[in-house]
Each structure stands twice: as structure tokens, then as C-alpha cells.
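To start, the structure itself, in C-alpha cells.
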Amino acid sequence: MNISLPLSLTVIALLSACTTQPPRSDFRYSVPDHATQPEAASGNTSKPGWAFTRQAVAAANPLATDAGHQVLRAGGSALDAAIAVQMVLGLVEPQSSGIGGGAFLLHFDGQKVTAHDGRETAPAGARGDIFLDQGKPLPFADAVQSGHSVGVPGVVRMLEVAHRQHGRLPWAQLLQPAITLAEQGFRVSPRLHALLNADALLKQDPLALRFFYQADGQAWPVGHVLRNPEYGHVLRRIAEGGSRALHEGPVAQAMVARTAQAPRPGTLSLQDLANYQPRMREALCFDHTAASRAYRICGFPPPSSGQIAIGQILGMLGHTQAQGPELAGGLPASDWLHRYTEASRLAFADRAQFVADPEFVSAPAGDWRILLAPGYLRERSQLIGAQAMKAAPAGQPGGQKTSFAPMPTQTEYGTSHISVVDAQGRAVAMTTTIEAAFGSRRMVTTDPTRPGGFLLNNQLTDFSLAPADAQGRPIANRVEPGKRPRSSMSPTLVFDKATGQLLMSGGSPGGALIIHYTAKLLTGTLHWGMNAQQAIDLPNFGSLGGPTLLEAQRFDRSTVDALKARGHEVFEMEMTSGLQAIERTPKGWFGGADPRREGVVQGD
């Protein structure tokens, strides 16, 4: 996407660049005085929102946010800060992302948006039936722990390539915060402690059991100083040798060895790791009008399904007739929730039918944008009536039928989100993942006598566990060698359409629900006049194609009853989003972080 800035904005950007300090060649990371402790609770902790004038970083853990902030203060770019954040997240939030996983990164350089695809790939030896047992899909937990679930990691190589284009500080300096914290230790946060105690599968890995748990099998307590010298050792290798130190040599050999172990040994090879290449893709953008203002919303194209689904939901809502107020008592009202969830079902039907790795599956009518065409969305919106539909059909974009079978609904997990804006007008929205909490539960070390290491992803369970339906029709998102699994990750950048000015960077973790969490952020800020924190604080909602999902204990009984009266099957459940967002204000920037997790925003 190319955005031509008006002359006035271009001059402002140039003046900002001139008045901002140059990168410091002597950048030294300092462990913050608050000594690594996130907020006191792991449940729902009120966040104030944070205002800044020049630059800001939003991430899922205070230590990670602080590392990115220090990089910005040293003259680093938004991309530099994102690299530092990611490396720290892999240490302090190992359940969600890390160097054993992948990521999607949107970057805005002040003129153009680029999409960097660091999604994992299936090994060359992967087959379509790797998740079948006697012809039936494995139970999801068994598929996750299988060696076949591990995809070729991509996040480090992708960040390295992006750094060559957009970095200002030396690569090695950006890894120093994570190296320092790994060697000196960090305090176990409430969320990490709670997830470790709740996860029975991780304890089945001897390396993880020895590192994350006490002798009695209980997770290290909140506040325990946890050191990970092996992670620091690996990062020192990567700092010196770049991504080759991960994809070749002792670290690569250790990854292959862990994947080859039972249960169900996988086929990841040294050649798979050495051959991995990130992809540069064209950002997928659509126009959207809210409150009489025109926006340009940019996100990630396939293999992500997120931007398409979000654009379809917002577009179909724009063609439906409201029967009542959209908000009641400051919360989404029943009529709006009805229309939203019906649009969601239609979007998820198209997602299941069409979306997969574009190098293996062609877009309908040859262009993914046809799924966002106003005429197509107007046609799809006509299926939304006064009552809930029992089953949403996929559409026929471009009037063409497909030979693929729809993918059955399947569990998705994981991820973390990073948003950064710097003083020169550059911005990053990056969603990063190892899929399920603690990935495949396989910890990697190059030296078993050295505590710690890093976790491998289980990203291949984002493929359909079954390669075809009962009639033998292939599923677009099936396992194939070298293929990237479909994702829901939705890093998002919002622009003013008239001026091209960046207005917001945002995104969330949450598996397939990422789509709804991000759509909620956009609806709250663009349509309902809320600031980013207020929009993030709203209760969560959505549908993955089946029941209407509502965040437990957040909607009153009258709203639930009204939805049921319109034929909705309503499930009230925990919906733990992890939204991070930074939005432009008249005075600079305002950041919001999800009260459901440990994220914060810092800046200047």
C-alpha cells in the first residue's frame, strides 16, 4: 500500500526527524527499578490508558514494553523497538510467543505499509494425514503434543530481514535487554504462574518440568526470580550470527532432535530450517466510513484470515438496518449484537471455505479483495434477517464455485501483540505466536546441564486436522509440504483516507477470537467515539460460525434473553483478549492495554 502524504504532513514528518536524537551507538539496557514485577493480579486489572506526545510502545508484559521504550529513547526505530520487545516476550511470556514460533508484522515507514510474513511452514516431509489416527482426526491435545505439530520457526529470520530495511540500531544491541534479563533473572508474573499451574501437558516435558516447576510439581511462585541462561546463550549466538545461528548449527540440531522425539515424531529437518524464507506481501487494505469520516484500514493478507473476516463483518454491518440503539448503558445492545454475530457467521463461512496459504490456494476470482468488494458484502448482508440463521452458507464471490470443502471448526489458541509508533512517524503492528499456550510443550536446549531454553510451536495444528471431507473433497487449509497454516492474527494499522495520516496501530492475541477482539477495537474507536482504552475495556463478543459467544458476567440478563428470543444459542464464557492499541490524538498519542492481561504502554 502506498500512501501519499500531503505536503504539510510531509514537512511535519521531516521536521520531527530533524529534531529527534540520532541513534546512540553506545545503547546500554538498564533493568528497570520496579524490578520486573507486573501488576498484582492476573485476572481483570483496571488500566488507565496512557498519553504521550512523541512515541509509544504497547506490549503484553511491562518488562517487554520497557525494553522497547528504552530502544526508542536511544534513537531506535519502531521496528528496532519491536525486535527488543519480541525477544523479551519470549523470555517473560513463553506461553504466547518466542523464537520457536512465527509472526505477522505490518510496518509503516511514513509513506508505505509493508507486510512481513514470518509464519511457520510445514516441513518438507509433512503429509496430509499426519493428524489422523485410523482415518479419524486426533484429539486436539494429542495433535498439539505430536512432533508433527511443529512448524519451521520464522519470527527471527523475518525480523532480521525487516531490520535490514527499517532498523537504525545494530541488531546485536536489540537483543541485549532479553539477554540481560535471561542471565540476571526476572520475577515470575501472576499470569505466567497461573498458566503454569493450570497446564498439565507442559509437565510431561522433562526439560520444561525442571525449569518451570519446583520439586513438588508446583509452578514457581509469583515473584520468584527465574533465570534462563540457556535462552541467554542462544540469543548471544543470534546477536552475533543473526538468524543463521538459529536455523543452522547446534541450535537447529537441538530443534530437530526435540521434534523427532515421541509422541508421534515429526519430520522437521536441518534442511527445512536452513531453507526457511520469510515473505514480503502486499498489505490488504479496505476503505471504511464511520461517523461521516472515511478511513483506510490495513491488515495482513492470506495466509491470515483476520483482515478479510474483519473487513467482511464491518462491511456487512454497514448494509444492515438498525432496529434499535447500538449501545445500551454503554455496552453493545442486543439488536447490534444480533446483527454483528450474524455477519460473523457469514464471514467465518467464507473463511472456512476459501482462505489458506496463497502459494497453494488461489483467491476466488484471482483476487482476495473480491471477498471485501462492497457489492459482494451488500449481497451477503441480505441474508441477515430478524432471526438468527441456523447455519451460514459460504458465498460465491465473483460468481464462481469452488471445489474445496469447508474446513470444520477447530480450536485455535495463543499469541501476543505489539504496537509501536516512533518519533519519526514510523509504526509497527505485529502479532506473534507459538500457537497453544506453551506451544507443543517441547523445550529446546543445546546443553541439558544449563537450565532453561525456549519452546517450540505447535503451529501446524492451525491446518485442518483432516485433509478432506467425508466425500473426499480437499480442504483448502490442509497440510502440505512447505505450506503456511491459515491464521487469525490481525495486526492492524488505521489511516485517515483523505490525508493518509496514521491514526492507530492495534491488535490482539486470542486464537480465532482475535478477529472479534480487533473488530471490537475498531468499532469502539471509529464508530462509538471511544478512546482506545475504553474500546478495549468493552465486553467481548462474537461467533465462530456456531453459537453467539458473550464474555461471562459482562452482559445483563435482558440482553442475553433478547438474543435467545431471536433464535441465538448463547454461550457465556471467558474471552481473554489481550488487546494493545496506540491511537493518534490532537496532542500526540494515547495507548490502551487490555485489563484481562498484564500489558502496559510506555512512551514519551
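Please treat every number below as a calculation from the coordinates, not as lab data. On a predicted model such as this, the values are computed, not experimentally measured, just so you know. As a convention, Cβ positions derive from the backbone with ideal geometry for all residues, glycine included, and neighbour counts pool all protein chains shown.
Calculate log10 I(q)/I(0) of segment 65-113 for q = 0.30 Å⁻¹, where I(q) comes from the Debye formula with a single equal point scatterer on each Cα and nothing for solvent.
One equal scatterer on each Cα of segment 65-113 leads to -1.08.
Sorted by packing (mean other beta-carbon atoms within 10 Å per residue), highest first, where do 243-254, 293-304 land? Walk me through the numbers on the way to the answer.
Details: 243-254: 19.2, 293-304: 22.3.
Top to bottom by mean Cβ count within 10 Å: 293-304, 243-254.
Going by Cα centres, segment 249-295 and segment 465-539 are how many Å apart?
Using only Cα atoms to place each centre, the spacing works out to 17 Å.
Please report how far the C-alpha centroid of segment 80-95 lies from that of segment 319-382, rounded to the nearest whole angstrom.
So the two Cα centres are separated by 33 Å.
Using a cut-off of 10 Å between beta-carbons, work out the net charge of the residues near residue 496 (Lys and Arg +1, Asp and Glu -1, residue 496 not included).
+4
What number, in nm² with one decimal, is the all-direction average of the projected area of the convex hull of the alpha-carbon atoms of the chain?
Value for the chain: 25.0 nm².
Could you rank the peptides 325-334, 210-219 by their average count of other C-beta atoms within 10 Å per residue, with the highest value first? Don't skip to the answer; put the middle values down first.
Numbers: 325-334: 15.8, 210-219: 13.6.
The densest-packed peptide leads the list: 325-334, 210-219.
How would you classify segment 389-441 from its alpha-carbon gyration tensor, with a ≥ b ≥ c the square roots of the eigenvalues: rounded for a/c under 1.5, else prolate if a/b is greater than b/c, otherwise oblate? The partial results should precede the final answer.
Numbers: a/c = 3.27, a/b = 1.58, b/c = 2.07.
Since a/c reaches 1.5 but b/c is at least a/b, the shape of segment 389-441 is classed as oblate.
Per DSSP H run of at least 4 residues, take -39500 (n - 2.57); add these up for the chain, divide by its residues and hand me the 222 nm value, nearest 500 deg cm²/dmol.
Theoretical 222 nm ellipticity from helices: -9000 deg cm²/dmol.
What number comes out for the charge environment of residue 276, summing +1 per Lys or Arg and -1 per Asp or Glu over other residues with Cβ under 12 Å away?
In short, 0.
Amide H neighbours of residue 121 under 5 Å, counting only residues 5+ apart in sequence or on other chains, H built in-plane at 1.01 Å?
152
Between residue 476 and residues 5 or more places away or on another chain, which pairs have amide H atoms under 5 Å apart, with H built 1.01 Å from N, and which residues are they?
For residue 476, whose amide H was placed from the backbone, the distant partners under 5 Å are 405.
At a temperature of 25 °C and a viscosity of 0.890 mPa s, determine how fast segment 74-140 diffuses translationally according to Stokes-Einstein, using the Kirkwood radius over alpha-carbon pairs as Rh; express D in µm²/s, rounded to the nearest whole number.
In µm²/s, the coefficient rounds to 161.
How large is the charge dipole for the chain, taken about the Cα centre, if only the Cβ atoms of Lys, Arg (+1) and Asp, Glu (-1) carry charge, to the nearest 20 debye?
In total the dipole reaches around 580 debye.
Which order, highest average first, do 276-287, 514-525 follow once you tally other Cβ atoms within 10 Å for each residue and take the mean per peptide?
Per-residue mean Cβ counts within 10 Å order the peptides as 514-525, 276-287.
Taking the Cα centre of segment 68-220 as origin, work out the dipole magnitude from +1 charges on Lys and Arg Cβ and -1 charges on Asp and Glu Cβ, in debye rounded to 20.
340 debye
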